[in-house]
1. Condition first: near the ligand (Cβ under 10 Å from one of its atoms) and not acidic (Asp, Glu). Can you find one or more residues in segment 237-245 that meet it?
2. Read through the list (1) more than 16 Å from the ligand (Cβ to nearest atom); (2) in a helix (DSSP H, G or I), then give the number of the only condition that residue 182 fails.
3. Do we have residue 43 as touching a residue at least 60 places away in the same chain (Cβ under 8 Å), out of contact with any Gly (no Cβ under 6 Å at 6 or more places or on another chain), in the same structural domain as residue 65 (by TED's automatic domain parsing) and under 18 Å from residue 270 (Cα atoms) here?
4. Please name all residue pairs, on different chains or six or more residues apart, with Cβ atoms under 7 Å, provided the first residue is in segment 287-312 and is at positive phi and the second residue is surrounded by fewer than 16 Cβ atoms within 10 Å (Cβ to Cβ).
5. Kindly indicate whether residue 13 is within 22 Å of the chain's Cα centre (by Cα), of a type in the set (Asp, Glu) and exposed (fewer than 11 other Cβ atoms within 10 Å of the Cβ).
6. Hey, does segment 282-295 have a residue that's out of contact with any strand residue (DSSP E or B) (no Cβ under 8 Å at 6 or more places or on another chain) and closer than 27 Å to residue 37 by Cβ?
7. What is the number of the single condition among (1) over 24 Å from residue 159 (Cβ atoms); (2) in a loop (DSSP other than H, G, I, E, B) that residue 105 does not meet?
8. Tell me, please, whether a residue that is more than 26 Å from residue 167 (Cβ to Cβ), polar (S, T, N, Q) and in a loop (DSSP other than H, G, I, E, B) can be found in segment 266-288.
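The values are calculated or read from the model by the stated rules, or taken from the named source; none is laboratory data. Values in this document were obtained by computation on a predicted structure and should not be read as measured data. Heads up, the Cβs are rebuilt from the backbone with ideal geometry, glycines too, and the neighbour counts pull from every protein chain shown.
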Amino acid sequence: MTVEPVGFRPGLEGVPATQSAISNIDGQRGVLSYRGYRIDELAAHSSFLETAYLLIWGELPDPERLRNFQHSVQMHRRVSFRIRDMLKCFPAGGHPMDALQASAASLGLFYSNRALDDPEYISGAVVRLLAKIPTMLAAFQLIRRGQDPIQPRDDLPYASNFLYMLTEREPDPLAARIFDACLVLHAEHTLNASTFSARVTASTLTDPYAVVASAVGTLAGPLHGGANEDVLAMLEEIGSEDRVEAYLDGAIKEKRKVMGFGHREYRVKDPRATILQQLAETLFDRFGHDQMYDVARRLESVAADRLGPKGIYPNVDFYSGLVYRKLGIPTDLFTPVFAIARAAGWLAHWKEQLGANRIYRPTQIYTGYAERQWLPPESRSSDNGSPTG
Ligand code: CMC
């Protein structure tokens with residue numbers, strides 16, 4: 001079949017690259033929904049695992065299905081001693097996103113009997129990835145601090161158990177509930193870069209561990225998930241409310257991006273940023289204020305005048321770092337924590353892609369040379385384009 005190429009759009013802006021029934025963004029009204037349910041309702045009432053079930057299987061589970069799903073995830077939380085040994089070989093100074101990407105990919109070595117047309121294989125892989133990613137991340141965190149990883153606790157729900165494995169302390173119930181809501185908020189967001197990456201990888205019919213590993217690598221960049229780390233660094237650099245205007249004017253003048261602002265899909269404030277801001281305030285009321293929150297609020301208000309007219313408002317990353325910091329999560333784990341949540345969305349897209357698969361193979365507009373004649377080395381010009389001359 002010959003297909004006429006359509007016009008080139010950098011970043012595929014506005015180009016539909018798939019059909020999907022998983023989530024939807026109304027960027028003008030600032031509404032995000034998963035399978036038709038608004039994100040604010042899910043964050044208020046659903047747990048992360050219930051949300052993951054909804055995303056992956058399309059419906060909210062009845063009590064028995066939910067119990068079974070939670071139980072299966074709980075039963076698969078432990079990881080092989082070989083994975084713990086592998087994590088011990090990673091350099092302690094490496095970024096945890098790299099450790100997470102490598103460990104997610106390594107699961108493919110342990111569960112290599114790929115059977116993409118078997119529903120049991122699909123649900124087994126879903127459960128295994130959701131269960132083991134938090135365990136591997138928490139293990140890397142303890143190992144890089146020179147400690148032995150601790151085993152998951154069977155009596156703790158998903159979010160509490162992760163915070164427990166990370167901090168070695170059973171978390172306060174309010175902190176655990178807020179962290180669980182953060183996971184709900186980050187679980188899915190239509191065809192963003194990492195999800196697109198997951199779908200492209202899935203379309204080759206490789207295994208789900210490679211699908212998730214490729215998505216983790218994509219999420220790591222500062223224009224995507226990595227922005228949440230940069231927001232805190234930016235707030236610290238600004239330092240106090242009275243320096244906000246000068247910082248913002250400088251950034252606009254020098255055409256520097258303000259981290260945690262802007263989104264390809266939203267022309268108003270990201271609904272997840274609104275909810276995260278409320279969660280941050282709840283945490284500060286209970287566990288003490290964070291002065292950087294005052295800087296953030298001032299930045300949001302000044303930016304409303306300067307960037308608002310261009311449709312640039314806070315995105316999900318603007319307040320998430322302040323929440324995570326209050327929960328005791330180290331800064332370089334912010335993006336890996338995002339990945340724990342987004343694994344649910346990636347797996348939903350993996351399953352959807354398999355349901356109507358065609359390998360992704362876009363075309364390009366070639367801008368290079370027409371045909372040239374090969375010359376022996378002594379006849380070539382010295383200006384050969386190589387950085388080493
Ligand atoms: N600060 C200042 N100006 C901005 C910003 C910003 N954060 N974002 C966009 N703009 C301006 C940009 O300079 C450009 O202006 P002009 O037309 O005058 O040249 C215009 O808005 C369009 O920008 P763009 O970079 O072409 O927009 P995009 O849709 O390609 O990029 C984005 C979206 C999220 C990559 C971008 O807004 C950005 O880099 N934001 C900062 C990084 C960030 O917070 N990333 C987290 C994204 S949300 C979570 C996630 O997806 O992981």
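1. no
2. Going through the list (1) more than 16 Å from the ligand (Cβ to nearest atom); (2) in a helix (DSSP H, G or I), residue 182 breaks only (1).
3. Taking the combined requirement at face value, the residue satisfies it.
4. Pairs found: 311/267.
5. Yes, satisfied.
6. Yes, segment 282-295 has at least one match.
7. Only one criterion is unmet by residue 105, namely (2).
8. No, segment 266-288 has no match at all.
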